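Below is one structure, written out as structure tokens; comments come after it.
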Amino acid sequence: QVQLVESGGGLVQPGGSLRLSCAASGLLFSIYRMAWYRQAPGKQRELVAAITTGGSTDYGDSVKGRFTISRDNAKNTLYLQMNSLKPEDTAVYYCHADWVLRDYWGQGTQVTVSS
């Protein structure tokens, strides 16, 4: 049974930082392309950042230069370091695993940026 469990969300002031984690189990983590998506109220889910099995990364335009995605294959864990957070970053953040015709989602973690 595949599980992706996100953690690290919470309430942070504008300009602050958070680090999200996604612990994966039940799959061969190292062969999966991993990504973070987010969904704000009333908006479509959007790609935040992705990382391939080889470590290549891709970012949404709105987070470039502020967010960093990384993975630790030995720990089966995906990370998202979020700096210089803005109110518009407020959303539920989801972990996603993708390999050929299989993909999986986590349950999400809430990030709220507000003073």
With x for Gly and Pro, the residue-by-residue ³J(HN,Hα) of region 23-37, computed from phi through the Karplus equation 6.51 cos²θ - 1.76 cosθ + 1.60 at θ = phi - 60° and given in whole Hz, is 8, 9, 8, x, 8, 7, 3, 5, 9, 8, 5, 10, 8, 10, 10
Gaussian network model of the chain, Cα springs within a sub-10 Å range: biggest mean-square fluctuation belongs to which of Leu101, Leu27, Leu47?
-> Leu101
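Could you check how much of the accessible area of the chain is carbon and sulfur, as a whole percent, using a 1.4 Å probe? Mind showing how you got there, number by number?
Working: 2860 of 6080 Å².
The value for the chain is 47 percent carbon and sulfur by accessible area.
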Which value, in Å² and to the nearest 10, is the accessible area of Arg19 when all protein chains are kept and the probe is 1.4 Å?
-> 130
Can you run phi through the Karplus equation (6.51, -1.76, 1.60; θ = phi - 60°) for region 70-87 and list ³J(HN,Hα) in whole Hz, with x for Gly and Pro?
-> 8, 9, 10, 5, 5, 9, 6, 9, 10, 10, 9, 8, 10, 10, 6, 5, 10, x
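Skip the ligands, DNA and RNA, and give the accessible area per residue of the chain with a 1.4 Å probe, whole Å².
Working: 6080 Å² over 115 residues.
With the other protein chains kept in place, the chain gives 53 Å² per residue.
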Quick note, region 1-64: a/c under 1.5 would make it rounded; otherwise a/b > b/c is prolate and the rest oblate (a ≥ b ≥ c, C-alpha gyration tensor); here it is prolate
DSSP beta bridge pairing in the chain, given as percent antiparallel to the nearest 5 | 95
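The values are calculated or read from the model by the stated rules, or taken from the named source; none is laboratory data. A quick note: this is a predicted structure, and the numbers were derived from the prediction, not measured. The area values use the complete protein model at the heavy-atom level, side chains included, leaving out ligands, DNA and RNA. Shrake-Rupley method; radii C 1.70, N 1.55, O 1.52, S 1.80 Å.
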